[in-house]
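To keep things clear, I will list the structure first and then write my remarks on it.
Please treat every number below as a calculation from the coordinates, not as lab data. Owing to the predicted nature of the structure, the values given are computational and were not obtained by experimental measurement. Counting neighbours? That spans all protein chains shown, and the Cβs are built from the backbone with ideal geometry, glycine included.
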Amino acid sequence: MADTRFFSTPKALSLAQIARVAGAELASVADGDYLVEDVAALDVAGERHLSFLDNPKYRDQFTASKAGACIVHPDIAEHAPSGVRLLLSKSPYKSYALAAQAFYPEERPSPSISKSAVVHSEAKIGQNVHIADFVTIGAGVEIGDGVWIESHAAIGGGVVLGEGVRIGNHATISHAVIGKHTRIYPGVRIGQDGFGFAIDPSGFVKVPQLGRVVIGDHVEIGANTTIDRGASGDTVIGSGTWIDNLVQIGHNVKIGRGCILVSQVGVAGSSELGDFVVLAGQVGVAGHLKIGSMAKVAAQSGVTKNIPPKEEWMGYPAMPMKRYLRQSVMLNKMVDKKRNEN
């Protein structure tokens, strides 16, 4: 249940409508006309709420829930409490997300350019664009149809924003080409100088950063994340990749398609991630490394060597997960033995 101070009151939907948008099936066709007014968690949902069960550890909440309807996996249906109408889905959380989107569709502002925005005369602006207060847009910028730029964002000269891109408040973008329907959250910094310098006893010497940042389609970049432009060549973020808040991506990093980088990850310059790589929270990746497609790295790990595709690593320095866990067990046994001897 959302606070109506921040979200509009949703329109009631029938379970048949919800089933269609959520990719779910009604456990009973007779429930199709039942109206649901909102979504809510299992433990607080009432008669006119839709909830879901995806994690087995919440099964007790499910069996005690007062929800009018619930999205569950077919294997869980037999555990439903009396009176709860069921929508069956093999991916309950995904179906819930689609249903919640139906109740709370994104509210976009009307196409307009604020009088306080500063738009260079040589910028190219597409159709149905919204540019909010105090935005600055430099020379040669290309903005596709349906772009939404929130207040105080700064778009540097020559930047390209594809169709449907959304830029959050106070974000700054330079030296970048950004694909369609990518969302950049508030405070993001894209295209600033990479951390490149020559070390000399008389003082450090800045190395000009002459590359770009190239971002694919349907990418999400979380608040206050920073992505440096390439030193020579480009920093690349593949289509469908989702990056959490407070992530640092160094110059000339290459990230493949569909990757997930969780909060406070740091990837040093010139490292490469294949497709569908997952880096959990606070993972650090040293420079000039390669992480193979579909590899996963556990939280707070430090990656100091290449990781082959499809492997799961953890620890500092990171190593294959099974090896790390075996070492942990052996170390605990050694400590216990030493303690018993004393």
- [ ] Which order do the peptides 319-325, 298-304 take when ranked by the mean count of other beta-carbon atoms within 10 Å per residue, highest first?
- [x] 298-304, 319-325
TODO: Name the residues whose placed amide hydrogens come within less than 5 Å of the amide hydrogen of residue 39, ignoring near sequence neighbours (fewer than 5 apart) on the same chain.
DONE: 50
TODO: Could you go through region 319-324 in sequence order and give the Karplus-derived ³J(HN,Hα) for each residue, using 6.51 cos²θ - 1.76 cosθ + 1.60 with θ = phi - 60°, rounded to whole Hz, and x for Gly and Pro?
DONE: 8, x, 4, 4, 5, 4
Open item on the list: What does the charge count around residue 146 come to, taking other residues whose C-beta lies under 15 Å from its C-beta (Lys +1, Arg +1, Asp -1, Glu -1)?
Closed with: -2
TODO: Report, in whole Å, the centroid distance computed from the Cα atoms of region 222-281 and region 310-337.
DONE: 27
Task: Spin-label pair residue 93/residue 127, simplified geometry with 7 Å Cα→Cβ offset, distance in nm - done: 3.9
Open item on the list: In Å and on Cα atoms, what radius of gyration and Dmax does region 171-322 show?
Closed with: 14.9, 47
Open item on the list: Taking the number of other C-beta atoms within 10 Å as the exposure measure, put 25, 272 in order starting with the fewest.
Closed with: 25, 272
Task: 5 angstrom amide H check on residue 26, placed H, neighbours 5+ away - done: 88
Task: Kirkwood-based Rg to Rh ratio, the chain, C-alpha trace - done: 1.07
Open item on the list: Taking 45 Å as R0, compute the FRET efficiency from the Cβ-Cβ separation of residue 113 and residue 35 and round it to 0.05.
Closed with: 0.65
Open item on the list: Assuming 0.36 nm per residue, please report the length gained on full extension of the stretch residue 340 to residue 16 beyond their Cα-Cα distance.
Closed with: 110.2 nm
Task: Ranked list, fewest to most other Cβ atoms within 10 Å of each Cβ, for 182, 136 - done: 136, 182
- [ ] Step through the residues of region 246-261 one at a time and calculate ³J(HN,Hα) from phi using the Karplus curve (6.51 cos²θ - 1.76 cosθ + 1.60, θ = phi - 60°), rounding each to whole Hz and writing x for Gly and Pro.
- [x] 6, 9, 10, 10, x, 5, 6, 5, 10, 10, x, 7, x, 7, 10, 10
Task: For peptides 66-74, 79-87, sequence by mean Cβ density within 10 Å, most packed first - done: 66-74, 79-87
Task: Cβ-placed point charges (K, R +1; D, E -1), dipole of region 201-342 about Cα centre in debye, nearest 20 - done: 620
Task: Entries in 57/90; 57/296; 57/290; 290/337 that, when Cα-Cα distance is taken, lie over 28 Å - done: 57/290; 290/337
Task: Cut-off 14 Å (backbone N to label point 7 Å along Cα→Cβ of residue 204), residues of region 258-297 - done: 269
Open item on the list: Using the crude model of +1 on Lys and Arg Cβ and -1 on Asp and Glu Cβ, and no other charge, please compute the dipole size for the chain relative to its Cα centre, in debye to 20.
Closed with: 1100
Task: Virtual spin-label span in nm between residue 5 and residue 299, 7 Å along Cα→Cβ - done: 3.0
